[in-house]
1. Please compute the length gained on full extension between residue 64 and residue 98, using 0.36 nm multiplied by the number of residues separating them and subtracting their Cα-Cα distance.
2. For the stretch 1-96, what is the convex hull (Cα atoms) projected area averaged across all directions, in square nanometres?
3. Collect residues whose amide H, placed 1.01 Å from N in the peptide plane, falls under 5 Å from the amide H of residue 58; neighbours closer than 5 in sequence don't count.
4. Assuming 0.36 nm per residue, please report the length gained on full extension of the stretch residue 90 to residue 76 beyond their Cα-Cα distance.
5. Sorting 14, 30 on the 10 Å Cβ count, fewest up front, what's the list?
Amino acid sequence: MRQVIRLVRYVLPFLLQLLPGIFLLAAVGFLEAFRLVLLKPVLDRVLAPSTGSENIVLFTMPQSGHPIYLQRFVPTHFHNAWTIVAYALVASTVLSRVATPVMYWLVARGDGDAAPATAPLAAAGSAA
């Protein structure tokens with residue numbers, strides 16, 4: 001327990017960089033998973049145009065069985081399945097590619113080298 005408290009003291013000065021970095025890391029992970037989830041609508045709706053473009057289901061919530069529709073994440077003026085899926089794919093890629101360097105900049109304190117931010121943690125880990 002003492003080691004955890006000691007490590008927390010090393011992290012406290014970097015908390016304003018750590019929390020947004022963790023948030024952006026989670027956002028990038030969500031966007032990467034979202035792009036994989038988009039494969040289902042591509043295979044179900046886009047490659048089979050006779051199925052229509054309304055209510056494109058991304059996934060169903062496991063506990064409640066409530067479907068999550070792709071149209072919730074896309075502007076309402078898109079109606080074609082191809083356009084809806086393409087917009088979601090491009091938007092998730094762009095957001096992921098913008099969030100990644102910002103996340104790394106926050107972790108590296110903006111100077112391109114992560115060593116100053118992680119040196120106290122590395123020193124504490126090697127002393128234990």
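1. Values: separation 34, 0.36 × 34 = 12.24 nm, distance 3.36 nm.
Going from the current span to full extension adds 8.9 nm.
2. On the way: hull surface 36.4 nm².
Computed as one quarter of the Cα hull surface, the answer is 9.1 nm².
3. Placed amide hydrogens put 68, 69, 70 under 5 Å from residue 58.
4. Extra length available between residue 90 and residue 76 comes to 3.4 nm.
5. Numbers: 14 18, 30 14.
Exposure proxy ranking, most exposed first: 30, 14.
Since every read-out is calculated from the coordinates, none of them should be taken as a lab result. Keep in mind it's a predicted model, so treat the numbers as computed, not measured. A quick note on method: Cβ atoms are made from the backbone with ideal geometry, for glycine too, and the neighbour counts reach across all protein chains shown.
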